[in-house]
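What follows is a set of notes on a single structure, which appears directly below.
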Amino acid sequence: MISNIYPLLEQRGLRFLNRSDFPGGIYYHMHEGCCHVVWLFSGEAAGFPDVVQTQNIQQQLRELFLHPQGRIPGCDYNMVIYQVELLTLVLTDHVAYGKQLCSFCRNCWLLDEAQHMLMIYENQPGDFLGLREPIQHVLEWEGRQRRVGKMQKPTDRQIPLMNIGIVALNIVIFLILSLMGDMESGYFVEQHGGMFPLCITEDGEWWRLVTSMFLHFGVLHLANNMLVLFCTGDKLEIAVGRWKYLVIYFGSGICGGLLSLWMMLRQQDYAVSAGASGAVFGVIGALLWIVIRNRGRLEMLTTRRILLMIALSLYLGFTGSGVDNWCHIGGVAGGFLLSVILYRKKD
């Protein structure tokens with residue numbers, strides 16, 4: 001923001017004082033024995049400079065320009081100065097720090113970096129060389145540019161790379177295996193990493209809890225899971241970050257697989273299980289907690305919408321055939337609990 005103020009001062013006819021022994025930037029204008037000085041610096045709470053340091057620097061600047069022979073080090077030209085008018089511009093997003101300076105220092109304006117506002121308190125001059133309005137315009141313009149930039153230029157963290165990568169990986173694996181055999185065949189899917197209870201309990205192939213998450217019984221099964229994941233996973237990744245998103249995705253998928261395994265062993269009803277639905281339901285469960293933490297809303301998502309989505313999906317699963325409902329329930333529960341552990345609301 002300071003870089004936008006400097007050109008404004010030059011446009012108003014002020015010259016830059018080339019002095020490295022003063023913090024920030026110093027601009028001046030001499031006319032008929034009077035010198036107007038603008039000192040602009042960026043301040044931080046409990047940092048440099050404090051009130052006493054600011055007062056000392058202000059006094060040093062007045063004494064610097066009140067040279068009886070008009071020989072001022074760093075000035076482009078010299079003039080005998082009888083009067084110095086000084087304005088201090090403090091750029092900070094710590095309003096309390098700025099208020100403290102303005103309470104004890106003369107001729108001090110606060111440039112609120114967080115709100116993009118020019119703050120002038122009652123004990124300070126209402127204007128200085130006509131700078132009040134132009135500085136306010138610069139701050140407002142800077143605020144608009146930042147808001148537009150946030151909407152149009154997402155940062156790397158705002159691009160859901162992990163979610164996009166998982167969707168792409170599921171599609172690629174499906175296409176490759178489809179060229180090798182029948183993806184609607186339980187035997188073929190089991191042979192290529194699908195989850196089957198006896199393979200895990202008797203052969204110790206626990207890795208199937210992960211590999212089965214990337215296998216799907218046909219195009220429709222794949223399309224349904226990837227469509228929901230593409231529409232919801234990006235919101236979760238942006239809310240929690242890339243690595244936490246991966247923990248929630250795989251953790252909830254494994255939770256769904258474990259619950260499904262346990263229920264099949266308990267009921268002695270063995271079947272080949274595959275699909276990303278446990279992880280997808282985990283994403284939805286994680287979003288449920290995040291929406292609750294954000295007072296019932298996250299972008300277009302609300303608590304009511306997510307609960308309705310979960311209820312409808314589980315209802316269709318229980319009323320349909322060939323659906324691993326226990327995997328869905330385990331995924332929702334795992335995603336919700338992992339989100340409770342990992343998600344931290346931004347203040």
(message) Once neighbouring chains are kept in place and the probe is 1.4 Å, which whole percent of the accessible area of the chain is contributed by carbon and sulfur?
(response) 58
(request) Kindly state, as a whole number, the per residue volume in cubic angstrom of the convex hull around the alpha carbon atoms of segment 168-317. (result) 115
(request) Sort 322-331, 228-237, 57-66 for me by packing, meaning the mean count of neighbouring Cβ atoms within 10 Å per residue, highest on top. (result) 322-331, 228-237, 57-66
(request) About the Cα centre of the chain, how large is the charge dipole given +1 on each Lys and Arg Cβ and -1 on each Asp and Glu Cβ? Please answer in debye to the nearest 20. (result) 560
(request) Take a quick pass over the chain and tell me how many lysine pairs come in under 24 angstrom between Cα atoms, counting only ones 8 or more apart or on separate chains. (result) 13
(message) Suppose all protein chains stay in the model; what accessible area per residue would a 1.4 Å probe give for the chain, in Å²?
(response) 53
(message) Solvent-accessible area of Asp93, probe 1.4 Å, all protein chains present, reported in Å² to the nearest ten, please.
(response) 80
(request) Counting only C-alpha contacts under 8 Å and six or more residues apart, can you give the relative contact order of the chain as a whole percent? (result) 12
(request) Only helical DSSP H runs with n ≥ 4 go in: add -39500 (n - 2.57) per run for the chain, normalise by residue count and round the 222 nm mean residue ellipticity to 500 deg cm²/dmol. (result) -18000 deg cm²/dmol
(request) Provide the packing ranking of 95-106, 278-289, i.e. peptides ordered by the mean count of other C-beta atoms within 10 Å per residue, highest first. (result) 278-289, 95-106
(request) List the DSSP H helices in the chain whose Cα atoms stretch 15 Å or more along the helix axis and whose mean Kyte-Doolittle hydropathy is at least -0.5. (result) 51-65, 161-180, 219-240, 242-267, 277-293, 303-319, 325-342
(request) Quick one: P(r) of segment 163-228 from all Cα-Cα pairs, 10 Å bins, percents rounded to integers, in order of increasing distance. (result) 21, 52, 25, 2
(message) Once you compute Rg and the Kirkwood Rh from C-alpha atoms, what is the Rg to Rh ratio for segment 210-277?
(response) 1.03
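The values are calculated or read from the model by the stated rules, or taken from the named source; none is laboratory data. Predicted model only: the values in this text are computed from it and were never measured. Positions of Cβ are backbone-derived with ideal geometry, glycine not excepted, and every protein chain shown enters the neighbour counts. Protein only, heavy atoms only, side chains kept; ligands, DNA and RNA dropped before computing areas. Shrake-Rupley method; radii C 1.70, N 1.55, O 1.52, S 1.80 Å.
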